[in-house]
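See structure below.
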Amino acid sequence: MEKILVIGAAGQLGSELTKSLADLYGSESVIATDLQESARSKFDYCRFEVLDVMNKDGLRDLVKNEKVTQIYHLAAVLSATGEKKPIFAWHLNMESLLHVLELAKEFKLEKVYWPSSIAVFGPNTPKINTPQYCVKEPNTVYGISKQAGERWCEYYFQKFNVDVRSLRYPGLIGYKSLPGGGTTDYAVDIYHKALAGQKFSCFLKEDSYLPMMYMPDAIKATLDLMNTPRELVKIRSSYNLSGMTFSPKEIFESIKKHHPSFEIEYQPDFRQAIADSWPDSIDDSCARKDWGWKPDYDLDSMTLDILKNLPDYFPVAK
Ligand code: NAD
């Protein structure tokens with residue numbers, strides 16, 4: 001039987017991915033873990049343990065005692081928070097990945113999943129249809145940690161045969177939980193404000209294009225990659241992945257079709273510089289070719305789905 005350990009399971013991605021893993025493999029096959037006891041309430045459908053990924057011995061005991069076969073390592077400090085606490089972000093993002101890779105090597109785990117990000121790209125990267133292989137000079141500590149993490153993943157695959165797989169997610173947009181301190185968080189917050197009938201203050205400029213992805217597509221991509229036969233996974237650093245690309249003005253207009261009185265103002269802050277260093281759009285042809293990736297959602301179909309479903313999760317917005 002598979003035993004799948006999810007680290008950082010209570011976050012924006014983990015909350016949804018863990019449920020999909022439980023649906024796919026069975027609840028008894030999944031152990032959700034996160035830092036805080038308060039996260040337990042999110043996991044009434046599978047086992048939950050409090051675990052700090054930096055506690056190497058605690059993590060090792062869990063992997064050994066539970067005979068874990070796969071790890072999904074999602075815990076990280078994200079881009080905007082990382083700029084406020086750079087050394088902490090580097091320490092957590094790098095050491096936690098090395099803990100997981102070491103355990104995968106020691107216990108010969110079947111598979112490991114670790115997400116990278118479009119933050120690996122930087123100001124000298126081609127911005128339109130950013131290729132899989134190109135100049136990467138990230139200028140945020142988050143991007144630097146993701147780039148270094150990609151190199152470690154490929155290294156452990158080549159040197160130690162660790163079957164680690166990764167995706168460079170664009171900004172993830174979901175309605176089931178709140179985002180965790182990224183530069184693309186505005187594209188989640190904007191729906192909450194629209195439904196609450198409030199004016200939205202955007203921390204990016206109106207024409208600031210960024211690659212984005214609706215959460216169901218991110219979950220689908222993750223599970224598809226993880227279920228692809230080993231020999232077809234050709235890229236062991238991290239795959240480029242594309243869903244849609246839009247600016248704050250375009251997402252505002254997409255929402256306004258349903259909420260005509262919705263208003264927005266633009267007040268760019270320090271996150272504008274981070275956004276400016278990232279691509280506008282991503283070439284994900286390697287993912288399409290190697291394991292058949294294709295997104296289901298565009299901006300308008302995502303907007304429709306979120307406006308319909310978000311009030312069930314955040315009733316205050318009704
Ligand atoms: P999040 O901040 O919402 O969730 C991260 C979770 O990790 C939180 O629940 C937090 O409590 C937990 N955590 C933090 N420190 C921990 C520790 N020491 N031990 C155990 N758990 C700890 O982040 P997310 O948006 O869910 O992102 C998940 C992963 O996806 C991250 O690696 C992130 O870099 C990557 N990613 C996310 C996005 C996005 O737009 N959300 C985009 C690209 C990549």
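The values are calculated or read from the model by the stated rules, or taken from the named source; none is laboratory data. This is a predicted model, so every value here is computed, not measured. For neighbour counting, all protein chains shown are included, and Cβ atoms are generated from backbone atoms with ideal geometry for every residue, glycine included. The area values use the complete protein model at the heavy-atom level, side chains included, leaving out ligands, DNA and RNA. Shrake-Rupley method; radii C 1.70, N 1.55, O 1.52, S 1.80 Å.
For the reader, a short list of remarks on this structure follows.
- Cα gyration tensor shape for region 91-231, rounded if a/c is under 1.5, else prolate or oblate: prolate
- Spin-label proximity, LEU24 to region 103-133 - amide N less than 19 Å from point 7 Å beyond Cα toward beta carbon: 109-117
- Computed over Cα pairs, the Kirkwood radius of the chain leads via Stokes-Einstein (1.306 mPa s, 10 °C) to a diffusion coefficient of 80 µm² per second.
- Amide proton proximity set for PHE200, modelled H, under 5 Å, gap of 5+: GLU263, ILE264, GLU265
- Label separation (LYS234 vs GLN267): 4.8 nm, computed from points 7 Å beyond Cα along the C-beta direction.
- Here the contact order of the chain, divided by its residue count and restricted to Cα pairs under 8 Å and six or more residues apart, works out to 18 percent.
- Top of GLN70, GLN158, GLN12 by mean-square fluctuation, Gaussian network on the chain, Cα under 10 Å: GLN158
- Region 1-110 shape via C-alpha gyration tensor axes, a/c threshold 1.5: oblate
- Sites HIS258 and LYS205, calculated FRET efficiency, Cβ-Cβ separation with R0 25 Å, nearest 0.05: 0.60
- Heavy atoms of PHE157: accessible area, 1.4 Å probe, square angstrom to 10: 60
- Taking ASP280, ASP23 and ordering them by how much accessible surface each has at a 1.4 Å probe, largest first, produces ASP23, ASP280.
- Of all accessible heavy-atom area on the chain, the percent that carbon and sulfur account for (1.4 Å): 51
- Between LYS56 and ASP312, residue separation times 0.36 nm minus the direct Cα-Cα distance comes to 88.4 nm.
- SER41 exposes around 100 Å² of accessible area when a 1.4 Å probe is run over every protein chain in place.
- Nearest-10 value in Å² for the accessible area of LYS127, using the 1.4 Å probe: 80
- Mean Kyte hydropathy of -0.5 or more with a Cα span along the axis of at least 18 Å, helices from DSSP in the chain: 12-25, 86-106, 299-313
- Computed over region 169-318, relative contact order equals 36 percent, with contacts defined as Cα pairs under 8 Å that lie 6+ residues apart.
- Overall, the anisotropy analysis places region 52-137 in the oblate class: the square-rooted eigenvalues a ≥ b ≥ c of its C-alpha gyration tensor yield a/c not less than 1.5, with a/b not exceeding b/c.
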